[in-house]
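Here, each number is a calculation from the coordinates, and none is a lab measurement. The structure presented is a predicted model; accordingly, all values stated were derived computationally and were not measured. Because the Cβ atoms are built from the backbone with ideal geometry, glycine has one as well, and the counts that use them run over all protein chains shown.
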Amino acid sequence: MKRKPPDLDSAYSLQTPADNRALYADWANSYDSSFAVKMEYQLPQRVAEIIDALDVSGRMLDVGAGTGLLAECLENRARFEIDALDISPQMLAVAMQKQLYQNAIEADLTQALPLKDGTYDAVVSSGTFTHGHVGPDALDALLRVAKEGACFVLAINAEHYGSKGFAAKFALLGPAIDQLHLHDVAIYGSSADPAHRHDRSIIASFRKL
Ligand SMILES: C[S@@+](CC[C@H](N)C(=O)[O-])C[C@H]1O[C@@H](n2cnc3c(N)ncnc32)[C@H](O)[C@@H]1O
């Protein structure tokens, strides 16, 4: 029997990192042309606008980089050397073809990361902190690999933010972070599938102390 092509509902209902690996292996080659175009996927652009407005340069980690849409949207890309981290080698392969990233890091954000402490000046993400994907526990490891003073700009699906306790996690991280701002933005455009047209994301920006 022919399998249903991947879509947002199948992505939101994933349960495990292994499910993510399997779904994105199938989705990598059509993700930009099908999902991103049809849903008028705006989130990478919104995250990029916040990064572009910050006073930061140097090494950047794109967390759950997927096919590289976030790096593509950055106007000030030349300020950064960007590494793409993702659990899916197929998504990373598409991202690397775009020649925007220095290194592809195949890693699972729910496990120990193969990265040194204090490596990055900026840690950014679009579309990865969402239903069926990655929760707030990953923030500890991301803080570990960031330099002191590093900028974070992380988009978190607004429902996921509430149901997975991101507010409580930010409260716990209080002594380790500074200048926390929460930006409430639309994820998709007005012509997207009506079931998701109004989905929102909280983009959390902060600095590591
Ligand atoms: C919806 S896509 C977002 C991709 C890209 N940042 C964007 O905005 O288009 C989510 C990405 O998270 C990755 N992902 C899911 N679970 C992960 C995990 N446990 N560790 C690392 N990456 C993961 C997927 O492989 C996928 O590329």
Per-residue [θ]222 nm for the chain (sum of -39500 (n - 2.57) over DSSP H runs n ≥ 4, rounded to 500): -7500 deg cm²/dmol
Relative contact order (percent, whole number), the chain, Cα cutoff 8 Å, 6+ residue spacing: 22
Dipole of the range 1-115 [Lys/Arg +1, Asp/Glu -1 at C-beta], most positive-end residue of Ala78, Leu113, Leu14: Leu14
Hull-based mean projected area of the chain, where the convex hull spans the alpha carbons, in square nanometres: 11.0
Cα-Cα P(r), the range 61-123, percent of pairs per 5 Å interval: 4, 19, 31, 25, 14, 6, 0
Tally of Lys pairs whose C-alpha atoms are under 19 Å apart, taken over the range 8-208, 8 or more apart or cross-chain: 4
Pair Ser57, Arg200: separation of 7 Å Cα→Cβ label points (nm): 3.6
Mean Cβ count within 10 Å, highest first, over the residues of peptides 69-82, 144-157: 144-157, 69-82
Mean Cβ count within 10 Å, highest first, over the residues of peptides 124-133, 181-190: 124-133, 181-190
At R0 = 22 Å, FRET efficiency that the Cβ-Cβ distance of Asp184 and Ala112 yields, to 0.05: 0.10
Cα-based equivalent ellipsoid of the range 125-209: semi-axis lengths in Å, sorted from largest, via gyration tensor: 25, 13, 11
